[in-house]
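The values are calculated or read from the model by the stated rules, or taken from the named source; none is laboratory data. These figures come from a predicted structure and were not determined experimentally. Neighbour counts run over all protein chains shown; Cβ positions are idealised from the backbone, glycine included. The protein model used for the area step is the full one, side chains on, heavy atoms only, and it has no ligands, DNA or RNA in it. Shrake-Rupley method; radii C 1.70, N 1.55, O 1.52, S 1.80 Å.
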Amino acid sequence: MSKKRIYGIVIAVSFAIVALLTGCTSGGGSGVSASGGTPDSLDVVFAANEFARTLSVTDLQTGRLQKSTQGLGDLSNDMLVRPNTNELWVLHSDPAQILRYRIQSTKINPPVYFSDVSLLSDGENPNPHPYNFAFTPTGNYYYYSNLYANTVSMRNASDESQDLISTLWVGYYPQGVTVLPNGRVVVTITNMISTSQYGTGEVVMCDSALTDTIRRTTVGLNPQVTRYYNNILYVLCTGDYASTTGSLWRLDPATLQPLSLPLGINAYPGDLAIDVDSTGAVWGIMPARPYGTSSDQSIQIARLDAWILYAPIAVTGGPSRVITLPQGGVAISLQDANKILIRMRTGITYELYTDSGPKALVAMPK
């Protein structure tokens, strides 16, 4: 293939990405898009709204929004559906607890609160600040990182006792947690020099019972997010508050060795979703926002199977978290704008209103 032909393909792909992520309007009511409608999707998106302390559900087909009456606590930092159940779990960093809801059969109605789980244990750090969590594939157990205790814990999820099974010291400030297909657990740690500066970041592999660490690998500054896809472990490093330069790594999940040089990201990326388009191309979508500022907000885009970083797309509203939609495309929480940005595979982008301060997101088919 000629260089001219290759260049033409790259330009075409670049314009396609811009089309996917631009064209938003402010909207009104339950949400208005650039095309005057709502996404052609049968998915629903649940949002943990940090500022309003509510759990909301948005029907992407109609733009209909509903909020739960059971308020959340402070710092609702992570949210997951427990596998093989209709339970939606919201992890809180402060207080250290999980609120559990049952998703209704209609799904478009708010989940119903049924219990909470304290993540405090006798003799442990009184303020462990749990940060992220992950279930085993069966949903019988879950792991969570304790940011201020420098540990990862494992609990029983299959009964009301929620017994603490084990806790393992892994290193300073653990954040991202992923369970690999072989049952091993990987967690990211970082050496926080100050509130605005980070030292060495590492990825640590633990055995499934959390009795010991197996191996660890040095990556970029402040690794926060790990994602496993197609036998590759992706690690997103936010970078330093002072330099706001992040990086994206891909590691061998068996050895934790880098598979290539990392992609440097001239931003402060905070999350990663992986989406595959109709051609089979694998994309990494990363909302980015410098700490403590409202400027230089963007969506960073990487072609993961080609390991190329494309030019970022400028957005406003405080892009915070991103998830892949079951029927394709991604949803991004715009925390300062009280909206969810929906990017469909059709090339259309929408902004739909939610409650104040949407952060953690979960999507399900209707």
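Quick notes
- Boolean, residue 343 is among the basic types (Lys, Arg) and either open to solvent by less than 20 Å² (accessible area, probe 1.4 Å) or closer than 24 Å to residue 54 by Cα (or both): yes
- Scan of the range 292-331 for residues that are of a type in the set (Ser, Thr, Tyr) and within 28 Å of residue 42 (Cβ to Cβ), ordered by number: 320, 324
- Residues in the range 96-118 that are open to solvent by less than 60 Å² (accessible area, probe 1.4 Å) and not in a strand (DSSP E or B): 96, 103, 107, 108, 109, 110, 111.
- Lone unmet requirement of (1) within 29 Å of residue 365 (Cβ to Cβ); (2) without any contact (Cβ under 8 Å) to a residue 24 or more places away in the chain; (3) open to solvent by 60 Å² or more (accessible area, probe 1.4 Å); (4) of a type in the set (A, V, I, L, M, F, W, C) for residue 337: (3)
- Tally of residues being farther than 20 Å from residue 84 by Cβ and open to solvent by 20 Å² or more (accessible area, probe 1.4 Å) across the range 153-165: 1
- Some residue of the range 240-256 being surrounded by 15 or more Cβ atoms within 10 Å (Cβ to Cβ) and charged (D, E, K, R): yes
- Filtering the range 121-159 to residues that are in contact with a Pro (Cβ under 7 Å, 6 or more places away or on another chain) and assigned to a loop (DSSP other than H, G, I, E, B) leaves 137, 138, 139, 147, 148, 149, 150.
- Any hit, the range 79-88, residues being open to solvent by 60 Å² or more (accessible area, probe 1.4 Å), free of Cβ contacts under 8 Å to residues at least 60 places away in the same chain and more than 22 Å from the chain's Cα centre (by Cα): no
- Failed condition for residue 235, given (1) open to solvent by 60 Å² or more (accessible area, probe 1.4 Å); (2) under 21 Å from the mean Cα position of the chain (by Cα): (1)
- Lone qualifier among 140, 150, 182, 132 - being open to solvent by 70 Å² or more (accessible area, probe 1.4 Å) and under 23 Å from the mean Cα position of the chain (by Cα): 182
- Only one of 276, 362 that is crowded, with 16+ Cβ neighbours inside 10 Å, under 18 Å from the mean Cα position of the chain (by Cα) and closer than 20 Å to residue 233 by Cβ: 276
- Residues satisfying the stated conditions in the range 136-165, i.e. at pLDDT below 95 and of a type in the set (Phe, Trp, Tyr): 148
- Across the range 159-190, the number of residues qualifying as within 25 Å of residue 100 (Cβ to Cβ) and of a type outside the set (A, V, I, L, M) comes to 12.
- Being more than 19 Å from residue 239 (Cβ to Cβ) and either in contact (Cβ under 8 Å) with a residue 12 or more places away in the chain or touching a Pro at 6+ places or on another chain (Cβ under 6 Å) (or both) is a property that residue 271 lacks.
- From 301, 274, 285, 308, residue being among the aliphatic types (A, V, I, L, M), farther than 20 Å from residue 67 by Cα and in contact with a helix residue (DSSP H, G or I) (Cβ under 8 Å, 6 or more places away or on another chain): 301
- Residue within the range 215-224 that is buried (at least 21 other Cβ atoms within 10 Å of the Cβ), under 29 Å from residue 351 (Cα atoms) and aliphatic (A, V, I, L, M) present: no
- Candidate set: the range 257-273, residues that are part of a loop (DSSP other than H, G, I, E, B) and open to solvent by less than 40 Å² (accessible area, probe 1.4 Å); chosen: the one nearest to residue 199 (Cα to Cα): 268
- Applying a threshold of 7 Å to beta carbon distances and a minimum spacing of six or more residues, or different chains, the list of pairs starting in the range 244-258 at a residue that is small (Gly, Ala, Ser) and ending at one that is open to solvent by 40 Å² or more (accessible area, probe 1.4 Å) reads 247/262; 247/264.
- The criterion of at least 1 residues that are among the hydroxyl-bearing types (Ser, Thr, Tyr), at pLDDT below 90 and under 14 Å from residue 360 (Cβ atoms) is met by none of the strands (runs of 3 or more DSSP E) falling completely within the range 1-89.
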